[in-house]
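Notes follow the structure.
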Amino acid sequence: MASTRLPGKPLADIAGKPMIVHMLDRGREADIGPVAVACGDPEIADAVRAAGGQAVLTDPSLPSGSDRVHAALAELDPDRTHDVVVNLQGDFPTLDPAGLRLVVTPLADPNVDIGTLVVPIRDEIEATTVSFVKAACAFEDGQTIAPALYFSRQPIPWGLGPRWHHVGIYAYRRAVLDRYVALPPSPLERREQLEQLRALENGMRIACARMEHGPFGVDTAEDLERARALLAASA
């Protein structure tokens, strides 16, 4: 609720629903497992419960989304019934639910610890914008999954060929998430301000599933108006 660029954004109205309820709906529509909202504000929990969803209040001082997911899991699933969890951001209301089904596919390989998503970078503006995170990965012809070698705010890799914009949705193996949150922030994580680098620096394997079009995050008033227009048109 304390977003500096868009205060109160989880409850911002989009086509008659708070944004967080749209995210709850996207999770349900993916139909890959139970959906819960981990939140640090009672107002968000109230909105989720009013929409028939499950909400868990977590400590607002937790440093990352991964920590919030881990804390919520401890309350929701203490018996560890589920061995995979998807961390979906709360500000992607235009997400295609197929993306949530796609993000778990890298985990079909038992050697992969974390699955995530990438979409093609379309132009140099996107490639050089530091808020758009780039993934160093390469897909052979016909491949839809590739290992992630690095993530950066800079345009990587160098040379001719496709470049990939990282979509910050993760599928974690439960034991990997336990290990991840117990580790201190790593040097490259601190330098790039990208928490996924902690996993790579500690030997965890991340694999990317490619999709052609990704959601956009709602961070500003302009983003919110764009989301309202898109979801009103699809209603």
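Residues in the range 65-95 that are surrounded by 15 or more Cβ atoms within 10 Å (Cβ to Cβ) and either without any contact (Cβ under 8 Å) to a residue 12 or more places away in the chain or hydroxyl-bearing (Ser, Thr, Tyr) (or both): 66, 77, 94.
With respect to (1) in a loop (DSSP other than H, G, I, E, B); (2) modelled with pLDDT of 95 or more; (3) closer than 23 Å to residue 191 by Cβ, the lone exception for residue 130 is condition (2). Report, by residue number, each residue of the range 122-136 that is of a type in the set (A, V, I, L, M, F, W, C) and within 18 Å of the chain's Cα centre (by Cα). Residues satisfying the conditions are 130, 132, 133, 135, 136. The residues in the range 133-153 that are over 21 Å from residue 188 (Cα atoms), in contact with a strand residue (DSSP E or B) (Cβ under 7 Å, 6 or more places away or on another chain), of a type outside the set (Gly, Ala, Ser) and without any contact (Cβ under 8 Å) to a residue 40 or more places away in the chain can be counted, and the count is 0.
On the basis of being within 28 Å of residue 1 (Cα to Cα) and in a loop (DSSP other than H, G, I, E, B), does residue 157 make the cut? Against the criterion (within 28 Å of residue 1 (Cα to Cα) and in a loop (DSSP other than H, G, I, E, B)), residue 157 does not qualify.
Evaluation of residue 75 against the conditions (1) in a loop (DSSP other than H, G, I, E, B); (2) more than 17 Å from the chain's Cα centre (by Cα); (3) of a type in the set (Asp, Glu) shows that the sole unmet condition is (1). Quick check on the range 34-50. Is at least one of its residues of a type in the set (Lys, Arg), over 19 Å from the mean Cα position of the chain (by Cα) and not in a helix (DSSP H, G or I)? No, that holds for no residue.
If you go through the range 105-118 and pick out every residue that is touching a residue at least 60 places away in the same chain (Cβ under 8 Å) and either surrounded by fewer than 19 Cβ atoms within 10 Å (Cβ to Cβ) or more than 13 Å from the chain's Cα centre (by Cα) (or both), you end up with 7. Residues that are within 16 Å of residue 89 (Cβ to Cβ) and charged (D, E, K, R) were ranked within the range 201-234; the one that is modelled with the highest pLDDT is 223.
When the range 78-103 is filtered for residues that are part of a helix (DSSP H, G or I) and of a type in the set (Lys, Arg), only 101 remains.
The values are calculated or read from the model by the stated rules, or taken from the named source; none is laboratory data. All values reported here derive from a predicted model rather than from experimental measurement. All Cβ positions, even for glycine, are placed from backbone atoms using ideal geometry, and neighbour counts span all protein chains on display.
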